[in-house]
Amino acid sequence: MRRFTQLPQWWTYGLVFPLAVLNCWLVLLVFEYFRALITVLVVATVLSFLLDYPVRFLHRYGLKRDRAVLSVLFLTLLVLVVLGITLAPILLNQITELATRLPTWIVSGTEQIEAFHNWAENRNLRIDVSGLTTQLSDRLSFQLQSLTGEILKFGLGAADSLLNFLLTIVVTFYLLLHGDRVWEGLFKWFPSKLSLQLRELLARSFHNYFVGQATLAGLMGLSITVAFLIMRVPFGLLFGLGVGAMTMIPFGAPFSICIVSLLITLNNFWLGVTVLAVATVIEQIIESGVAPRLLGGFIGLNPVWILVALLVGVKVAGVAGLLVAVPMAGFIKNTVDILESSRNKSREIDSVSSIEPMEQ
C-alpha cells in the first residue's frame with residue numbers, strides 16, 4: 001500500500017478505473033444470474049410496502065397483525081382473481097385482434113404515405129417519402145414478429161411465471177409479518193442516529209414515489225380510457241390501460257401516447273392526430289395540475305439522472321428494476337446530501353472549537 005500511494009496520481013487513477021469497471025461487470029453478472037430471484041424479492045418488497053398501509057389500518061382498529069395480514073392478502077388475491085376473470089380475457093382478445101389487424105394497418109399506412117407523396121409531386125413540392133414507406137413496413141413487420149415471439153415465449157414460461165407468482169405471495173406474506181425485523185437487521189450496521197435517518201428516508205422515498213405514481217397511473221388510465229371509448233378508438237380499453245400502466249414509469253406516459261397515436265394513424269390518419277391531441281391535453285392537465293401536488297420535489301433528481309437510473313435499473317433487474325430505480329436513486333441522492341451536510345456541520349464545530357482556545 002505504501003508503494004501504491006507513492007505512485008503518480010494519474011497512475012493511481014489508471015489502476016482504480018479498470019478495477020472499478022471489473023467489479024461493476026462482476027456485479028452485473030451476479031445480478032443476471034440471480035435475476036429471477038431478485039425480481040421476486042423486489043416485487044414482494046414493493047407489495048409488502050404498499051399492503052402494509054391497509055394492514056396498519058386494520059391493526060389500528062383492534063385486529064391482530066397476523067389476521068390483518070391474512071385479510072389484506074385474501075382481499076388482494078380476490079381482486080386479482082376478479083380482474084383476471086373479467087378484464088384479462090377482454091385484454092387478451094384485444095391483443096390477439098391487434099396482432100391480427102396490424103399487418104393491414106401497415107398496408108394502410110404505406111398507402112397513406114404514398115398518397116401524400118403523390119399529392120406533393122402534383123404540387124411540385126420536393127418531399128421525398130418513398131424510402132419512408134419501405135422502412136416503415138419493414139420496421140413494423142419486424143416489431144410484429146418480435147411481439148409474437150414474446151407472446152409465445154410468455155406462454156411457454158407460464159409455469160415458471162406461476163411458480164414465481166406463488167413465491168412472491170409467500171415472500172410478501174412473511175415480509176408483512178416480519179419485515180420490521182428484517183429492516184432492523186439491515187440498518188443496525190449503521191450508527192444509531194444515521195440508521196434512523198436512513199430508514200425514515202428510504203420509507204419516505206418509496207412512499208412518495210409509489211403512492212404518487214400509482215395515483216397518477218390510475219387517473220391517467222381512467223381518463224384516457226374513457227376518452228378513447230367516447231371517441232370510439234379501436235382497442236380503446238387496451239390502449240388506455242396501457243398508457244395508464246406506462247405512467248408508473250417516469251416519461252412513460254408521453255412515450256406510450258406517441259406509440260398509440262402512431263398505431264392508430266396507420267389505420268386512420270385524422271383519428272390518430274385527434275388521439276394524439278386529446279391524450280396530450282389529458283396528460284398535460286394531470287401532469288401540471290395533479291402531479292406537482294402528489295410528487296412535488298420529493299426526488300430532487302435531474303431528469304438526466306432519472307433516465308440513467310432507469311437504464312441501470314433495466315440492465316440490472318429488468319422490469320423490477322424499472323419500479324425501484326427512481327426511488328432508489330432519490331434515496332441515494334438524499335443520503336449523500338445528509339452525509340455531506342453532517343460533514344460540513346462537523347467541520348464548522350471543529351473550526352469553532354479550535355478558535356475558542358485561541359481567544360481564551
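A few points about this structure:
- Condition broken by Met248, with the remaining ones in (1) more than 27 Å from Thr110 (Cα to Cα); (2) in a helix (DSSP H, G or I); (3) touching a residue at least 60 places away in the same chain (Cβ under 8 Å) satisfied: (2)
- Residues satisfying the stated conditions in the stretch 1-37, i.e. of a type in the set (Val, Ile, Thr) and modelled with pLDDT of 75 or more: Val21, Val27, Val30
- Checking the stretch 174-184 against the condition returns a match, with at least one residue being open to solvent by less than 20 Å² (accessible area, probe 1.4 Å) and in a helix (DSSP H, G or I).
- Sole exception among (1) exposed (fewer than 15 other Cβ atoms within 10 Å of the Cβ); (2) within 17 Å of the chain's Cα centre (by Cα); (3) under 24 Å from Val336 (Cα atoms); (4) not polar (S, T, N, Q) for Phe251, by number: (3)
Residue-wise test of (1) more than 22 Å from Leu237 (Cβ to Cβ); (2) open to solvent by 40 Å² or more (accessible area, probe 1.4 Å).
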position: Gly62; (1), (2): yes, yes
position: Asp66; (1), (2): yes, yes
position: Leu73; (1), (2): yes, no
position: Leu77; (1), (2): yes, yes
position: Thr86; (1), (2): no, yes
position: Pro89; (1), (2): no, yes
position: Asn93; (1), (2): no, yes
position: Thr96; (1), (2): no, yes
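- For the criterion of being aromatic (Phe, Trp, Tyr), modelled with pLDDT of 75 or more and open to solvent by less than 50 Å² (accessible area, probe 1.4 Å), Phe235 passes.
- Out of Gly218, Gly272, Gly240, sole residue that is crowded, with 16+ Cβ neighbours inside 10 Å, assigned to a helix (DSSP H, G or I) and either within 18 Å of the chain's Cα centre (by Cα) or at positive phi (or both): Gly240
- Qualifying positions in the stretch 18-71 - part of a helix (DSSP H, G or I), of a type in the set (Phe, Trp, Tyr) and either farther than 26 Å from Val326 by Cα or in contact (Cβ under 8 Å) with a residue 40 or more places away in the chain (or both): Phe31, Phe49, Phe57
The values are calculated or read from the model by the stated rules, or taken from the named source; none is laboratory data. Note that the coordinates shown come from a computational prediction; the quantities given were computed from them, not determined experimentally. So basically every Cβ, Gly included, is an ideal-geometry build from the backbone, and we count neighbours across all protein chains shown. Areas reflect the complete protein model, heavy atoms only, side chains present, ligands, DNA and RNA absent. Shrake-Rupley method; radii C 1.70, N 1.55, O 1.52, S 1.80 Å.
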